Amino acid sequence: MRGLRLHGAAAIAEVPEQAIQLTPAGREYFGDLVEPFGAKVDEDLLQRPGGHVSYTDLVERLVGEAPETAMDPDLVLLAYGLPDLSPAVSVAPYLNHLTGGRAIGFAVTEQGLGAPFTALRTAAAFARVGRCERFVLAAVEQARVPSRDPVVHDQRLHGSGVLLVFDVSPGPGVVEAVPAPVEPGGLWDKVAEAAGTEGHTLVVVGPWASRLEKPLDVAADVHPVGPGHYCTSVWLALAEHGARWTAEYDRLVLCDRDPRSGDGHLAVLGA
């Protein structure tokens, strides 16, 4: 069975601060984002110094730093858990354009922290049926929303982005499994099952999962990811350390828990 293998990465852990220029059209857009949920636009929050960056800017930066293997994919997916506050460009087609323009491409949104996991699960399905030879996943995050949000403001998120390149060539780092979201309370059991008892496994634990009351009990090494990011956290770690990890370990288990829904997410990469 054909499987995707991690083949390169680029990452931006924190972007320079940018101000938001409020215009009538912008105020209307921000209102459309939050008012249906009973919130109101807080212009003071928008104009504070912070980590706002457009997703157009982020993908340009990521492609500029990406390895040559990111060029000419046949599948491009953009994943994000927080809205783009500069929506002038449809970013998924733009990312496709920047990487060659011949791919099937779309965005995976409205999934919170799980968006990159869903994107990877989708790409793995494409590969299994022979529809994907090379895949680019971009997970992006800007740290400004137009109303009070505990996930963003209490955790002091940073704008960030990750670009991961996968292909179907042989070698370590093959995507073995990306299960559907795990109900609250069941994440550690699924992680222990994925880690197994054979071989040398590393569990990469995102900052939101690390707050679970039940301890993680696995016969594996554990790499905790620090705070400051929402949907990009474990993927930033994979981009930074993935080449070394896939050479050292038989299996990588990436996991985190969405603080809004409580659902757990995990992905398994093997030798």
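The values are calculated or read from the model by the stated rules, or taken from the named source; none is laboratory data. Computed from a predicted structure; not experimentally measured. Using ideal geometry, Cβ is built from the backbone for each residue, glycine included, and neighbour counts are taken over all protein chains shown. Ligands, DNA and RNA are excluded from the accessible area calculation, which covers all protein heavy atoms including side chains. Shrake-Rupley method; radii C 1.70, N 1.55, O 1.52, S 1.80 Å.
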Inset, instruction - Select from the range 23-40 the residues that are in a loop (DSSP other than H, G, I, E, B) and either modelled with pLDDT of 85 or more or open to solvent by 100 Å² or more (accessible area, probe 1.4 Å) (or both) and list them in ascending order. - result: Gly38, Ala39, Lys40
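Filter the range 161-173 down to residues that are buried (at least 21 other Cβ atoms within 10 Å of the Cβ) and of a type in the set (Gly, Ala, Ser), then give me how many there are. Talk me through it step by step, then tell me what you get.
Residues of the range 161-173 that are buried (at least 21 other Cβ atoms within 10 Å of the Cβ), as a first pass: 161-166, 173.
Filter again for of a type in the set (Gly, Ala, Ser), leaving 161, 173.
Qualifying residue count for the region: 2.
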Inset, instruction - Go through (1) open to solvent by 50 Å² or more (accessible area, probe 1.4 Å); (2) in contact with a strand residue (DSSP E or B) (Cβ under 8 Å, 6 or more places away or on another chain); (3) modelled with pLDDT of 95 or more and name the single condition Glu60 misses. - result: (2)
Inset, instruction - Among the numbered conditions (1) of a type in the set (Val, Ile, Thr); (2) farther than 30 Å from Asp263 by Cα; (3) part of a helix (DSSP H, G or I), tell me where Ile20 comes up short. - result: (3)
Legend entry - Near pairs, Cβ below 8 angstrom, 6+ apart or cross-chain, from the range 202-229 (more than 23 Å from Asp250 (Cβ to Cβ)) to any residue that is of a type in the set (Lys, Arg) and surrounded by 16 or more Cβ atoms within 10 Å (Cβ to Cβ): Trp208/Arg257; Arg211/Arg257; Leu212/Arg257
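If you go through the range 66-74 one residue at a time, do you hit one that is closer than 23 Å to Pro16 by Cα and in contact with a strand residue (DSSP E or B) (Cβ under 7 Å, 6 or more places away or on another chain)? Break it down stepwise before answering.
Step one: of the range 66-74, the residues closer than 23 Å to Pro16 by Cα are 66-67.
Adding the requirement that they be in contact with a strand residue (DSSP E or B) (Cβ under 7 Å, 6 or more places away or on another chain) leaves 66-67.
Within the range 66-74 (the criterion being closer than 23 Å to Pro16 by Cα and in contact with a strand residue (DSSP E or B) (Cβ under 7 Å, 6 or more places away or on another chain)), the answer is yes, since at least one residue qualifies.
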Legend entry - Cβ-Cβ under 7 Å pairs, at least 6 apart or on other chains, the range 97-109 side within 16 Å of Ala127 (Cβ to Cβ), far side part of a loop (DSSP other than H, G, I, E, B) and of a type outside the set (Val, Ile, Thr): Ala103/Pro73; Ala103/Asp74; Ile104/Asp74
